[in-house]
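The values are calculated or read from the model by the stated rules, or taken from the named source; none is laboratory data. Predicted, not measured: the structure shown is a model, and the values here were computed from it. Positions of Cβ are backbone-derived with ideal geometry, glycine not excepted, and every protein chain shown enters the neighbour counts.
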Amino acid sequence: MPPRQCGIATDDTTMHEQLDTYLRAKAKPAANAPEPAPRSANPQRRDAILDVARQVFLESGYEGASMSQIAVRLGGSKGTLYSYFDSKEALFEALIADTCARTREAVFDTPADLPLRESLRSIAVGYIRLIMSDYTVRMFQIIAAESQRWPALGARLYEAGPAAAAARLGTHLDQRAGDAGLSIPDSLAAAQTFLTLCRGALHLQRVLGIAAEPDDAAIDSHADKAVTAFWRLYAA
């Protein structure tokens, strides 16, 4: 049976309009869910909910997790949980967005006075450690499986994760490449190339469960190879 399309438009509507329409539909609470209260604004409580939800989704997968399960683990009521997120879908989307934003800052925020080659190596080490970690690999597996039923989720992950990372790195290259002696006609394409070099064959092996999480020495070696290959490609 072909995957259910969930009402996503197939006309000339833009992808973002399709995504927004779909997410609004998916965000409706179940019929037996409490009426949503106005969104609460306690950031510490929200972070605590996301931390607990992260654990539950990792343990049970998306399909196996429930708002009741998360509320029990949190030590509160479902009403409190729904006052922050009006559905499991909305909670999972928020978890993806929060994780991507935090890790993107941690990986790509390098000192402005650091030479580009050193900056790229620092980014490579952080990026490889991130995407090869047990947590990221497991989340990737969950989202990939769920995207068959919920294709907009895959689009959300791609936009908040790989696409945003490449855009951030592309801006960095655009600003610094000339002074470093690199010739980069398309900074976004170069950024995507660099991140692909960082993933290498190991990322697919990790996703398929046939390789262990790399240690620091393996990450350093992989990062060095990625930077060296990138430099050779774009040396002026």
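Summary of values
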item	result
Cross-chain or 6+ apart pairs with Cβ under 7 Å, segment 75-93 first and under 15 Å from P43 (Cα atoms) and of a type in the set (F, W, Y), then modelled with pLDDT of 90 or more and buried (at least 17 other Cβ atoms within 10 Å of the Cβ)	Y84/I49; F85/L91
Every residue from segment 177-217 that is loosely packed, with under 13 Cβ neighbours inside 10 Å and of a type in the set (V, I, T)	I210
Flag if D220 is surrounded by 13 or more Cβ atoms within 10 Å (Cβ to Cβ), in contact (Cβ under 8 Å) with a residue 12 or more places away in the chain and over 20 Å from the mean Cα position of the chain (by Cα)	yes
Residue satisfying all of: in segment 68-96; of a type in the set (K, R) and surrounded by fewer than 20 Cβ atoms within 10 Å (Cβ to Cβ); farthest from the chain's Cα centre (by Cα) among these	K78
Residue in segment 158-174 that is of a type outside the set (S, T, Y), over 26 Å from A229 (Cα atoms), touching a residue at least 24 places away in the same chain (Cβ under 8 Å) and surrounded by 18 or more Cβ atoms within 10 Å (Cβ to Cβ) present	yes
Conditions (1) under 30 Å from L195 (Cα atoms); (2) surrounded by 16 or more Cβ atoms within 10 Å (Cβ to Cβ); (3) out of contact with any strand residue (DSSP E or B) (no Cβ under 8 Å at 6 or more places or on another chain): number failed by A65	(1)
